[in-house]
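To start, the structure itself, in structure tokens.
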Amino acid sequence: MPTYSYRCTACDNAFDIHQQFADASLTECSSCGGQLRKVFGNLGVTFNGTGFYRNDSRSASKPVSSSSASESGGTTSGT
């Protein structure tokens, strides 16, 4: 169940409560009867590191293809 933060607009009473998605939002402060507002904060997700790039999934050395091997000095016929 998600945790929601509320703050009263009249008395500044702040609290957190576990509610299901289907539950209605709280609207009345239990301390003074004032209007409650949901408090939205920063997300609890942190992305650390360099990220994921296209070259991260490739090997460090490039494989030699068959066409470049024959051009670069494969066996020669004739002489």
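The set of residues in the range 18-39 being under 28 Å from the mean Cα position of the chain (by Cα), exposed (fewer than 13 other Cβ atoms within 10 Å of the Cβ) and in contact (Cβ under 8 Å) with a residue 12 or more places away in the chain consists of 18, 20, 21, 25, 38, 39.
To keep it simple, each residue is scored yes or no on (1) in a strand (DSSP E or B); (2) hydrophobic (A, V, I, L, M, F, W, C); (3) modelled with pLDDT under 90; (4) in contact with a helix residue (DSSP H, G or I) (Cβ under 8 Å, 6 or more places away or on another chain).
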site	(1), (2), (3), (4)
1	no, yes, yes, no
6	yes, no, no, no
12	no, no, no, no
15	yes, yes, no, no
21	no, yes, yes, no
25	no, no, no, no
43	no, yes, yes, no
46	no, no, yes, no
51	no, no, yes, no
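The values are calculated or read from the model by the stated rules, or taken from the named source; none is laboratory data. This is a predicted model, so every value here is computed, not measured. Glycine also receives a Cβ, built like all others from the backbone with ideal geometry; neighbour counts cover every protein chain displayed.
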